[in-house]
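What follows is a single structure, written as structure tokens, with notes after it.
Every number here is computed from the coordinates shown, using simple stated rules; none is lab data. All values derive from a computational prediction rather than experimental measurement. For neighbour counting, all protein chains shown are included, and Cβ atoms are generated from backbone atoms with ideal geometry for every residue, glycine included.
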Amino acid sequence: MVTGGSSGIGLAIVRALSREGAFVAMAAPAGQKLKDASQSLRKEGLDVFAVVLDVESYESITEVVNLLKSHWGGVDVLFNNAGIGMGYFNPDFATRASPFYSFTHQQLRKAMDVNYLGYFAVTQSFMPVFMEEGHGRIINIGMDEHLFTLRGSSPVGPSRAATNALTAIMAKELDGSAITANLLTPGGFVATESMPSDAPEENFGRLLPPEIMGEPAVFLSSGMALGLNGEHIVADEFNQWLSGRKLTEKWAGWKRKV
């Protein structure tokens, strides 16, 4: 299951997994965006299961857990991706950064509720499924550390830092079990609908395509990542990561077999 799967990074991950033959639940809030995304993927010949999910609602999460248990018998891999970026709080953040004192308590609470507590709530709700099945993979889509403290990012930066920290704690506490937790980050800002296309490169660097997340997401879901725990993979540096662990040829061979 991929939360926030109807657009941006989430949709790119859903597409990459589906192309490799995985059964993917594309989870997102109800609305036209979810319908359009699922229809678009089906037109590509990809069979995805669209489910309505509000990560701020335990009731909604529980409904999805029960739905996937009845539909598939369980879930093997959970991608926590649903989140909100700076564009939600300040549409002009790329050219006009707002200071920390200009944001309201409610805005900072919203960022934490979605970007941090949403990851926690979804994972907590799926843990009984993983424990019953005797295995499971938690893959949290996070933010690269050098982006936490950018000017004007006081709602999002701290909430994403909390997500990264939570992932490390999950991995430590699951160590030695057949349930693993890993962190996947892009390596910079991604060209999604929440990121202005004219964002100054001197401030935000080269915008990465959402598709850059696809291959490492497939890797983390594959048999090659069995037992991998507590890793932080940067998508823009994935090939170097593979090379450093002498997995480049093995991964290429796996892809050829698939």
Outside any helix (DSSP H, G or I) and touching a residue at least 12 places away in the same chain (Cβ under 8 Å): does that describe ASN140?
yes
Could you run through segment 47-60 and say how many residues are in a loop (DSSP other than H, G, I, E, B) and either in contact (Cβ under 8 Å) with a residue 24 or more places away in the chain or under 14 Å from TRP72 (Cβ atoms) (or both)?
5
How many residues of segment 104-119 are out of contact with any Ser or Thr (no Cβ under 6 Å at 6 or more places or on another chain) and either among the aliphatic types (A, V, I, L, M) or under 19 Å from GLY85 (Cβ atoms) (or both)? The answer is 10
Condition test on ARG109, is it farther than 24 Å from PRO209 by Cβ, basic (Lys, Arg), out of contact with any Lys or Arg (no Cβ under 7 Å at 6 or more places or on another chain) and part of a loop (DSSP other than H, G, I, E, B)?
no
Given the criteria within 30 Å of PHE89 (Cα to Cα), of a type in the set (D, E, K, R) and within 20 Å of the chain's Cα centre (by Cα), does GLU237 qualify?
yes
Condition check: on the phi < 0 side of the Ramachandran plot and part of a loop (DSSP other than H, G, I, E, B). Does LEU150 satisfy that?
yes
Regarding ASP144, is this residue within 24 Å of SER18 (Cβ to Cβ), in contact with a Gly (Cβ under 8 Å, 6 or more places away or on another chain) and buried (at least 16 other Cβ atoms within 10 Å of the Cβ)?
no
Could you list all residues from segment 230-250 that are hydrophobic (A, V, I, L, M, F, W, C) and touching a strand residue (DSSP E or B) at 6+ places or on another chain (Cβ under 7 Å)?
ILE233, VAL234, ALA235, TRP241
Neighbours by Cβ (under 6 Å, 6+ apart or cross-chain): first from segment 71-93, outside any helix (DSSP H, G or I); second acidic (Asp, Glu):
GLY74/GLU133
Inspect all residues belonging to segment 12-31 and state whether any of them is over 30 Å from ALA178 (Cβ atoms) and among the small types (Gly, Ala, Ser).
yes
Does segment 94-105 contain at least one residue that is of a type in the set (Lys, Arg) and assigned to a helix (DSSP H, G or I)?
no
Matching residues in segment 112-137 (aliphatic (A, V, I, L, M) and outside any helix (DSSP H, G or I)) number 0
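Table: residues versus (1) assigned to a loop (DSSP other than H, G, I, E, B); (2) without any contact (Cβ under 8 Å) to a residue 60 or more places away in the chain.
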{"position": "ILE9", "(1), (2)": "no, no"}
{"position": "VAL14", "(1), (2)": "no, yes"}
{"position": "SER18", "(1), (2)": "no, yes"}
{"position": "ALA22", "(1), (2)": "yes, no"}
{"position": "MET26", "(1), (2)": "no, yes"}
{"position": "ALA30", "(1), (2)": "yes, yes"}
{"position": "SER38", "(1), (2)": "no, yes"}
{"position": "ARG42", "(1), (2)": "no, yes"}
{"position": "GLY45", "(1), (2)": "yes, yes"}
Looking at this structure, is LYS246 touching a residue at least 12 places away in the same chain (Cβ under 8 Å) and more than 23 Å from GLY85 (Cβ to Cβ)?
no
